[in-house]
Amino acid sequence: HRGLMAGKRGLIMGLANDKSIAWGIAKALGREGADLAFSYQGEALKKRVDPLAAQLGSTMVLPCDVGDEASVDGLFDALAETWGSLDFIVHAIGFSDKEQLRGRYADTTRDNFLLTMDISVYSFTAVARRAAAMMPAGGTMLTLTYYGAERVMPHYNVMGVAKAALEASVRYLAEDFGKEDIRVNAISAGPIKTLAASGIGDFRYIMKWNELNSPLRRNVTQDDVGNSALYLLSPLSSGVTGEVHHVDSGYHVVGMKAVDAPDI
Ligand code: NAD
């Protein structure tokens, strides 16, 4: 296979179904010749992930709950046994109690704060350390974040606080692994209708607002994110690390939108 990712092996974490951002990324990587392994959380998701993996010629579908150290170790033991080394990883995982993705941030409970930080932030660090140990020839890592890390967005609440910490961890990991020629970046994606997003209050309104107010005047697709991920995971971005790259139709640059119609 010829392609940007030919001969490269990578792990995709966070594929739940064909609406997942991880699927857009996996398709772009598969198209460019990458060999892919997938991890899924819980037996119920395996039957969804198996056929998607098969579509991209992958039979490596492995369980991993990132909230459980032994489960993360199990995943990397299995990868070390079958592949030995890795070239890239994609972390497309986040979680918070959806009852707290509405209403006030101020009402976040300690338990949900810690759970959200554990699954949505620490998991990337836990996975990155194990993946780096399998990248003797260098590699690339990518996680997914959202504008709610930088600015207050409706209902994003504790997830915004977690994404801010995730973005900071991208910078620290970039420094830790840079001398091993391992690059670490994030994509800040605009709103996309996925399973995780459906837990956020007023998500349809948020999508409509982004569509009307972004410079491109449309929402981004899984494939928009997939193609940018391909750039960040491939040698095309060889000089880029510690970066949070916005794939959001330009929404993050707008202070106030001009009136499209001549009279208000
Ligand atoms: P999704 O529901 O398809 O994916 C979320 C994934 O997280 C699922 O596969 C789920 O199994 C996994 N997960 C949750 N808890 C886990 C655990 N303990 N162990 C292992 N896996 C676990 O939704 P998505 O929107 O594709 O989310 C992927 C990433 O993109 C998330 O980090 C999300 O915050 C981020 N993101 C999403 C949007 C959006 O609008 N959809 C925008 C910006 C960023």
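Some values worked out for this structure:
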quantity	calculated
Criterion: free of Cβ contacts under 8 Å to residues at least 12 places away in the same chain and farther than 15 Å from Met153 by Cβ - qualifying residue of Gly226, Gly239, Gly250, Gly178	Gly239
Any chance Tyr146 is in contact with a Pro (Cβ under 9 Å, 6 or more places away or on another chain), within 23 Å of Val225 (Cα to Cα), within 11 Å of the ligand (Cβ to nearest atom) and not basic (Lys, Arg)	yes
Exclusive hit being on the phi > 0 side of the Ramachandran plot and either within 18 Å of the chain's Cα centre (by Cα) or not aromatic (Phe, Trp, Tyr) (or both), set Gly67, Gly74, Gly94, Gly103	Gly103
Pair list, Cβ under 6 Å, 6 or more apart: segment 17-44 residue surrounded by 22 or more Cβ atoms within 10 Å (Cβ to Cβ), other residue among the aromatic types (Phe, Trp, Tyr) and not in a loop (DSSP other than H, G, I, E, B)	none
Failed condition for Glu180, given (1) acidic (Asp, Glu); (2) surrounded by fewer than 15 Cβ atoms within 10 Å (Cβ to Cβ); (3) more than 26 Å from Trp83 (Cα to Cα); (4) touching a helix residue (DSSP H, G or I) at 6+ places or on another chain (Cβ under 8 Å)	(3)
Pick from segment 195-220, criterion farther than 15 Å from Leu101 by Cα and within 11 Å of the ligand (Cβ to nearest atom), ranking: nearest to the chain's Cα centre (by Cα)	Val220
Test result for Asp35, over 23 Å from Tyr122 (Cβ atoms) and either within 16 Å of the ligand (Cβ to nearest atom) or not hydrophobic (A, V, I, L, M, F, W, C) (or both)	yes
Helices (runs of 4 or more DSSP H) lying entirely in segment 1-83 (those with 2 or more residues that are touching a helix residue (DSSP H, G or I) at 6+ places or on another chain (Cβ under 7 Å))	21-31, 69-82
Single unsatisfied condition, Gly138 versus (1) under 17 Å from the mean Cα position of the chain (by Cα); (2) more than 21 Å from Asp73 (Cβ to Cβ); (3) not aromatic (Phe, Trp, Tyr)	(1)
Complete set of residues in segment 228-251 that are surrounded by fewer than 16 Cβ atoms within 10 Å (Cβ to Cβ), assigned to a helix (DSSP H, G or I) and not aliphatic (A, V, I, L, M)	Pro235
The listed residue being more than 12 Å from the ligand (Cβ to nearest atom) and over 19 Å from Gly242 (Cβ atoms), out of Phe88, Phe113	Phe113
Neighbours by Cβ (under 8 Å, 6+ apart or cross-chain): first from segment 78-99, under 16 Å from Leu195 (Cβ atoms) and charged (D, E, K, R); second buried (at least 16 other Cβ atoms within 10 Å of the Cβ) and at pLDDT below 95	Lys98/Gly199; Lys98/Ile200
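The values are calculated or read from the model by the stated rules, or taken from the named source; none is laboratory data. All values reported here derive from a predicted model rather than from experimental measurement. Cβ sites come from the backbone with ideal geometry, for glycine too, and all protein chains shown count toward neighbours.
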